[in-house]
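Accompanying notes for the structure given below.
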Amino acid sequence: MGATDERAIITPAAPDALRGLTTAEAQARRARGEGNTASAPTSRSYRQIIVENVFTFINLALFGLGISLALLGRFLDALISTGVISLNIVVSLVQEIRAKRTLDRIALLARPTATVLRDGEERTLSPDELALGDTLKIEPGDQIVVDGRLLSEHPLTVDESLLTGEADPIPKQRGDTLYSGSYCVTGEGYYLAERVGAQSFMNQMTTSARAFRRTLTPLQREIHLVVRIALLIVIYMEFLLVITSIARDINLADSVENSTIVAGLVPNGLFLSIAVAYALGAVRILRYGALVQQSNAIESLSHVDVLCFDKTGTLTTNQLAVADAHPLAGTTQAELEAALGAFAASVSGGNRTSEAIAARWPTEPHAVAGAIPFSSARKWSALAFAAGEPRGVLALGAPETLLPYLAAGGDRASAAWRSIAAVAEPLTQRGLRVLLLAQSPEPQPLEDLGDASTLPTGLQPLGLVSLSDELRPEAREALSAFVQAGVSPKIISGDNAGTVAALARQAGLPADALLVEGADLEKLSDEALGMTAESATIFGRITPHQKERIIRALRQRGHYVAMIGDGVNDVLSLKQADLGIAMRSGSQATRGVADLVLMQDSFAVLAPAALEGQRILNGMQDILRLFLARISTVGLVIMSGLIVGVFPLELRQGSLVTLFSVGVPTILLAFWARPGAIPPGRLVRRLLHFILPPALLTAILGLGLFMGVYALRVAPATIASASVGDDTLGLLAAQTALTTFIVFSGLLLVIFVEPPTEWWVGASKLGGDWRPTWLALGLLAAFALISLIPPLRDLFSLSALQPREYALIVGASAVWLFLVRWVWRSQALSRYLGMEPVSREIAGGAARS
């Protein structure tokens, strides 16, 4: 039987008749390729990881130059020059693939699920267990996991913003198509799976559903700037090499070799280092219960200065319980409780509130003639009963939002409102949520128009119901930690501002915190809203659109904003924030757009996540220093050598410098990085403070050493009558001495980056970590072995040096050590350049404990 005929058979006249597929039918369809098997990956694919780590511009350029050397007969040079690059690539690939596998296993816990009718019963299945023709149930906050046709008579509104970029809810009627990747906002019903797997709309999209909100962190922007500047400098140096090669008739093989050394100055490894750092951080915080869905999310958390969050389900556990019912004049306690029970039992697509009321006053559902489901924007829901008790229209919602429909006056000066407020205000001051139940005794039609729906006027207030919600046990401690770290917390809730304020005080926020209500925000201009958003701490009766507007205003005023949410009404604000954080128990919609998911619904994970962000920043600053110091040093040496008339390094020697000064140290520094306070000020200024003194002194002393060793090897008469390149052995000895000196100074920089004792403190604050020092000593020993063992020495184009030449190297290194330390400590270069001196605390950040 064809798919069309099957759909005709299983499509019911009414939702009550739905049975869906049988298990056997579903298995048969999956067996013939009609299963939903093309689920979106939970992280980057293996292909993406390989492409992003291997096929970069600079890697391709360096491999191309290596191939050119091989074609010219310089096989060993080609092998060594590409070997260092390949080593970095392999290490990065191994780390990222390991991290991907771990993240993929954990991410399965956060995947959306689907409620499916199988054999006439509702079952919760993974999306990849679905088949063509399945009947799926959809409720507010649920993700639509396959494309399908709405079967139910009741309309829905869905959020298709992940697919279209438009945030407006889209109404859907019976027969309309629901697209995978969208979310149900209001209403509930059933839909028929018509396109699954690779045929579904979401899987046909060429970009990720979250790609539109991917933003670079400050660290990523700084690294991109550094790499682009370095690339421009390298391009200019390559141009000079071409001119020099033509003018001096340098052979092609040597020209390619020199070009390879210069091209290696581009710090392409920085991208690999930050990718590894992000992956390591993501894996580390998994044990605390946080799932990273955007790789830079942890680093983003360390930049946050404003933390916004909802109340219900975020600050509180969202385990609502009815405190009491409070009848108003003309209504008895029994009548109010009966009406509340009937309303909660009869509403479709219930939420936590209706579930709590139904649990307190259980009763049988009543026949409903019309319904308007709850909406976060309207903040009320309504049912129409045609016969029996209760009769007419019942509306339940926030008292302020039902006020315009009350019979006794639609403003806050009316007697009806004063009587409501007299009962409600003491309850809200205790932190209770208060809802008003109002009735129109005569049956009237209700039309569901989404957020534009209205109620009949003339409603009679029956009474109030108060509900309690438990504060999350870790909320107080977590908020205190953020306040101490300089992060401003802001509670943005749809509840009454008084209720929110009472819970905020329980969470430790000051009693005099400024409160603002949504109605007041509507009157404000964008500029005034921005000022209010900065100064206020508690926002009550806020609509999803207002929440989004608040966060946008904070970002426009220069704040780095994180938003924590759990409900579908938080989706817009999560997408607007710099960092979106979702609760695991929240809706599929919030988890789908969040950068970070709190798998245990605990604020407690934010503290270690922030520390991981600091770890990443501190580690990357150390790595940046070493990379840029190597680039600056070798670049200055090469430029100076071109002026003198000789290229000062061989290709293999340059590879050795890269391996010992940045290749091995940066990998281990990423592992050993520890959290600590992020230093204020711009990163570039701190980097210049660290880099300029060693780069200049290495170039000056290195070239002096180069010429000194060359002079010792070559007769003075030869120097006077010939160019520097005439004596091959003398040139090789001078290059070896220069290579050794650059390696020595590079290893000393590793110690200066993480000073183990006060004596080593120069441009970094005391860290007390001896591991980088032992690493530097170990690498020094490895380099000594290479220099002393003839086969290894020949492999890297090094020459055997004489004792007096080693003495010159040691002496130059000692002079370099004390001069660099003195320049840093005296701020001599900063003062000469007219820059404000950088303190050691600012340069290196807080001590890492």
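The values are calculated or read from the model by the stated rules, or taken from the named source; none is laboratory data. Bear in mind that the values here come from a model prediction, so they are computed numbers and not experimental data. Cβ atoms come from the backbone with ideal geometry, glycine included; neighbour counts cover every protein chain shown. Keep in mind that these areas ignore ligands, DNA and RNA; they rest on the heavy atoms of the full protein, side chains included. Shrake-Rupley method; radii C 1.70, N 1.55, O 1.52, S 1.80 Å.
What the table shows:
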{"read-out": "Residue match in segment 472-490 (condition: touching a Lys or Arg at 6+ places or on another chain (Cβ under 8 Å), open to solvent by less than 40 Å² (accessible area, probe 1.4 Å), on the phi < 0 side of the Ramachandran plot and modelled with pLDDT of 90 or more)", "value": "no"}
{"read-out": "Positions within segment 539-586 being under 20 Å from residue 304 (Cα atoms) and among the basic types (Lys, Arg), in sequence order", "value": "547, 549, 552, 555, 557, 575"}
{"read-out": "Positions within segment 330-349 being in contact (Cβ under 8 Å) with a residue 12 or more places away in the chain and open to solvent by 60 Å² or more (accessible area, probe 1.4 Å), in sequence order", "value": "330, 335, 338"}
{"read-out": "Listing of helices (runs of 4 or more DSSP H) fully contained in segment 801-849 that carry 1 or more residues being at pLDDT below 65 and at negative phi", "value": "840-844"}
{"read-out": "Entirely in segment 499-606, the strands (runs of 3 or more DSSP E) that have 1 or more residues that are under 23 Å from residue 484 (Cβ atoms) and touching a Leu at 6+ places or on another chain (Cβ under 6 Å)", "value": "538-540, 561-565, 579-583"}
{"read-out": "Top-ranked residue in segment 182-193 [being touching a residue at least 60 places away in the same chain (Cβ under 8 Å) and closer than 16 Å to residue 115 by Cα; ranked as surrounded by the fewest Cβ atoms within 10 Å (Cβ to Cβ)]", "value": "188"}
{"read-out": "Of residues in segment 708-719 being in a helix (DSSP H, G or I), aliphatic (A, V, I, L, M) and exposed (fewer than 15 other Cβ atoms within 10 Å of the Cβ), the one modelled with the lowest pLDDT", "value": "717"}
{"read-out": "Spans of strands (runs of 3 or more DSSP E) in segment 90-172 with at least 2 residues surrounded by fewer than 16 Cβ atoms within 10 Å (Cβ to Cβ) and at pLDDT 85 or above", "value": "121-125"}
{"read-out": "Test result for residue 442, under 35 Å from the mean Cα position of the chain (by Cα) and either open to solvent by 50 Å² or more (accessible area, probe 1.4 Å) or at pLDDT 80 or above (or both)", "value": "no"}
{"read-out": "Residue list for segment 605-615, filter: open to solvent by 10 Å² or more (accessible area, probe 1.4 Å) and out of contact with any strand residue (DSSP E or B) (no Cβ under 9 Å at 6 or more places or on another chain)", "value": "607, 610, 611, 614, 615"}
{"read-out": "Pairs with Cβ under 7 Å, 6+ apart, first in segment 770-791 and on the phi > 0 side of the Ramachandran plot and free of Cβ contacts under 8 Å to residues at least 24 places away in the same chain, second polar (S, T, N, Q) and exposed (fewer than 12 other Cβ atoms within 10 Å of the Cβ)", "value": "none"}
{"read-out": "Residue list for segment 305-322, filter: among the aliphatic types (A, V, I, L, M) and open to solvent by 10 Å² or more (accessible area, probe 1.4 Å)", "value": "320, 321, 322"}
{"read-out": "Test result for residue 564, closer than 23 Å to residue 379 by Cα, open to solvent by less than 10 Å² (accessible area, probe 1.4 Å) and in contact with a Phe, Trp or Tyr (Cβ under 6 Å, 6 or more places away or on another chain)", "value": "yes"}
{"read-out": "Boolean, residue 767 is surrounded by 23 or more Cβ atoms within 10 Å (Cβ to Cβ), within 17 Å of residue 660 (Cβ to Cβ) and touching a helix residue (DSSP H, G or I) at 6+ places or on another chain (Cβ under 9 Å)", "value": "no"}
{"read-out": "Matching option when the condition is open to solvent by 60 Å² or more (accessible area, probe 1.4 Å) and touching a Ser or Thr at 6+ places or on another chain (Cβ under 8 Å), among 360, 352", "value": "352"}
{"read-out": "Selection from segment 514-552 of residues that are of a type in the set (A, V, I, L, M, F, W, C), open to solvent by 10 Å² or more (accessible area, probe 1.4 Å) and either in contact with a strand residue (DSSP E or B) (Cβ under 6 Å, 6 or more places away or on another chain) or within 28 Å of residue 609 (Cβ to Cβ) (or both)", "value": "515, 516"}
{"read-out": "Filter result (surrounded by fewer than 24 Cβ atoms within 10 Å (Cβ to Cβ), part of a loop (DSSP other than H, G, I, E, B) and at pLDDT 80 or above) within segment 289-304", "value": "289"}
{"read-out": "Scope segment 338-367; condition part of a helix (DSSP H, G or I) and either modelled with pLDDT under 85 or among the acidic types (Asp, Glu) (or both); matching residues", "value": "352, 355"}
{"read-out": "Near pairs, Cβ below 9 angstrom, 6+ apart or cross-chain, from segment 449-469 (open to solvent by 30 Å² or more (accessible area, probe 1.4 Å) and of a type in the set (S, T, N, Q)) to any residue that is in a strand (DSSP E or B) and modelled with pLDDT under 90", "value": "454/372; 457/406; 457/440; 460/406; 460/440; 468/321; 468/433"}
{"read-out": "Among (1) among the aliphatic types (A, V, I, L, M); (2) assigned to a helix (DSSP H, G or I); (3) modelled with pLDDT of 75 or more - the single one residue 185 does not satisfy", "value": "(2)"}
{"read-out": "Any hit, segment 693-702, residues being part of a helix (DSSP H, G or I), open to solvent by 10 Å² or more (accessible area, probe 1.4 Å) and at pLDDT below 85", "value": "no"}
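A quick yes/no check of all residues on (1) open to solvent by less than 40 Å² (accessible area, probe 1.4 Å); (2) touching a residue at least 60 places away in the same chain (Cβ under 8 Å); (3) in contact with a Gly (Cβ under 9 Å, 6 or more places away or on another chain); (4) not hydroxyl-bearing (Ser, Thr, Tyr):
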site: 324; (1), (2), (3), (4): no, yes, no, yes
site: 328; (1), (2), (3), (4): yes, yes, yes, yes
site: 369; (1), (2), (3), (4): no, yes, no, yes
site: 385; (1), (2), (3), (4): yes, no, yes, yes
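Residues checked against (1) touching a Lys or Arg at 6+ places or on another chain (Cβ under 7 Å); (2) open to solvent by less than 70 Å² (accessible area, probe 1.4 Å); (3) not small (Gly, Ala, Ser):
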residue	(1), (2), (3)
818	no, no, yes
824	no, yes, yes
827	no, yes, yes
830	no, yes, no
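This table checks each residue for (1) surrounded by fewer than 22 Cβ atoms within 10 Å (Cβ to Cβ); (2) assigned to a loop (DSSP other than H, G, I, E, B); (3) under 38 Å from the mean Cα position of the chain (by Cα).
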{"site": "763", "(1), (2), (3)": "no, yes, yes"}
{"site": "782", "(1), (2), (3)": "yes, no, no"}
{"site": "786", "(1), (2), (3)": "yes, no, no"}
{"site": "791", "(1), (2), (3)": "yes, no, no"}
{"site": "798", "(1), (2), (3)": "no, yes, no"}
